[in-house]
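In what follows, a structure is listed as structure tokens, so that the remarks can point back to it.
Every number here is computed from the coordinates shown, using simple stated rules; none is lab data. Quick caveat, the model's predicted, so the values are computed rather than measured. Backbone-built Cβ (ideal geometry, glycine too); neighbour counts: all protein chains shown.
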Amino acid sequence: MLTADLIRPRVRTRGGEIYTQPLPMSRTTQQTAADLIGIFGEHLQRPRWVLDEALEAYEDVRLDYPLIRGLAKVLADAATFAAAPPVEPSTLRAALFDLAATRGPVTTAPDELYPANRGELIAEVAAIYGLSAEAVDQNLYADLIEEQILVDLGATWTPDTLIARYNLELARGLLYWASEMRITVHGGYKDLFKFIKLFKLMHTITPIPGGYHIVLDGPISPFVNATLRYGGQMARFLPALMLTPDWSMVADIHAGWLARGSDTPILRYQLDGSSGLVSHYKASGEFDSRLEADFAAEFEEKLGRQDRKWLLAREDEIVPVGDTVMIPDFSFTHVRDGRRALVELAGFWHPDYLERKARKLRAAGRRDLIVVAYKSVNTTDATWQDVPGEVLLFTSKPVIKDVLAAVERSAVSREEIGD
């Protein structure tokens with residue numbers, strides 16, 4: 001991610017608000033991005049210090065050096081630098097220094113008084129390890145960061161994708177100083193909560209019409225480092241929001257020295273789907289398994305041409321379960337009266353997984369949640385004992401007619417769930 005010195009030039013404040021100025025897709029910025037992509041491409045398989053020298057030469061006396069350094073930082077963070085010496089550099093150095101200690105002092109122009117020659121010592125070490133003298137000389141300090149080799153750019157960059165990623169890094173860079181984030185989302189819940197869990201963000205959930213309001217909060221500490229650590233997790237989480245179809249975010253930013261001239265200790269930071277930000281995280285597919293895809297397809301095939309009573313939707317409700325959540329695979333909503341039932345498909349999974357699933361269902365306590373599960377010698381009726389909702393077991397595939405009958409019996413209004 002971008003460091004504070006690279007973010008600050010593009011930070012602005014207005015009243016109690018803080019925001020970043022995205023880099024526009026202009027001819028000038030696109031040319032700069034193209035130049036930097038070219039420099040990185042030209043330095044594949046070359047040491048980092050050589051790349052750094054080329055970047056410094058490109059920057060020269062340009063006044064927009066924070067932008068150049070920011071774009072280069074994005075490229076460098078995505079790239080892979082590696083050191084793969086044939087022998088550990090520390091081992092080569094130890095062998096060479098041991099020889100030098102017994103033969104030294106070492107000079108480049110030996111004489112009768114000081115006969116030790118650097119080249120000869122390197123050749124001796126090379127013979128010990130079966131290397132060429134040149135290989136020993138090149139790998140003596142290969143473990144230093146500046147000696148690492150650029151081996152992969154990490155992405156197929158274009159000027160536009162680099163600028164878009166830079167703008168995303170600017171946006172999430174502010175969140176390093178966040179103490180709380182409040183988000184509103186409509187859809188895309190599975191990906192959202194996958195990343196909430198990945199980044200260990202504490203959260204509370206409140207249903208709203210057509211979606212959810214989620215507060216991501218952490219320990220408010222007078223110590224800056226505590227805020228920065230948690231803010232870093234929020235910053236890493238931000239691209240996950242862009243995987244949802246409709247989102248907005250408000251965060252509390254402890255501006256301090258980041259926004260110079262601000263007389264407000266905590267500023268309001270707002271983003272939403274119209275901010276033009278693009279996620280580099282990969283979204284999940286429409287279905288998690290062939291079982292789910294076949295179930296939805298069969299439902300549409302058998303009932304799609306009829307005046308159906310029920311509408312099928314994918315993962316559109318969050319069920320809180322203790323300190324985590326459950327997102328059932330499907331929901332059924334009655335066309336006329338709005339009653340709803342949820343369906344969770346449990347297919348050919350390991351018994352331990354199904355036992356954990358059953359415990360979650362018991363903890364959720366939802367009688368409108370129907371389990372449609374594969375029956376085997378390892379998962380029987382006993383596996384689902386005391387699950388509040390109905391359980392339908394199948395041996396080859398779920399029967400749509402039976403599922404709809406269970407939906408009819410289990411569906412309730414939203415008011416009943418609230419009660």
key: For the chain, built as a Gaussian network whose Cα springs stay under 10 Å, the top-fluctuating residue of Ile208, Ile163, Ile196   = Ile208
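Give, as a single signed number, the net charge of other residues whose beta carbon lies under 9 Å from the beta carbon of Ser284, with Lys and Arg counted +1 and Asp and Glu -1. Walk me through the intermediate numbers first.
Details: positive: Lys190, Lys194, Lys282; negative: Asp191, Glu286, Asp288.
Here the count lands on 0.
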task = Find how many whole Å separate the alpha carbon centroid of region 120-136 from the alpha carbon centroid of region 4-78.
result = 41
query = What percent antiparallel are the DSSP beta bridges of the chain, to the nearest 5?
reply = 80
query = FRET efficiency for Met202 and Met25, Cβ-Cβ distance as r, R0 = 30 Å, nearest 0.05?
reply = 0.20
Of Tyr374, Tyr129, Tyr58, the one that fluctuates the most in a GNM where the chain has Cα springs shorter than 10 Å = Tyr129
key: Residue of Gly188, Gly154, Gly231 that the Gaussian network model of the chain assigns the largest fluctuation, springs spanning Cα pairs under 10 Å   = Gly154
request  = Kindly list the residues of region 240-257 that lie in the label zone of His280, defined by a backbone N under 20 Å from the point 7 Å along the Cα-to-C-beta vector.
outcome  = 240-244
message = To make sure I understand the rule: partners must be aspartates and glutamates, Cα under 17 Å from the Cα of Lys190, and not fewer than 8 residues away in the same chain. Which ones qualify?
response = Asp246, Glu286, Asp288, Glu292, Glu315, Asp316, Glu317, Asp323, Asp329, Glu344
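Quickly estimate the mean residue ellipticity at 222 nm for the chain, helices only: each DSSP H run with n ≥ 4 gives -39500 (n - 2.57), and the total goes over all residues, rounded to 500. All intermediate terms of the calculation are to be shown ahead of the outcome.
Working: 14 runs with 167 residues, N = 419.
Value at 222 nm, helices only: -12500 deg cm²/dmol.
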Which listed pairs, of Lys194/Lys309; Lys282/Lys302; Lys73/Lys197; Lys197/Lys282; Lys200/Lys375, have C-alpha distances above 23 Å, in listed order = Lys194/Lys309; Lys282/Lys302; Lys73/Lys197; Lys200/Lys375
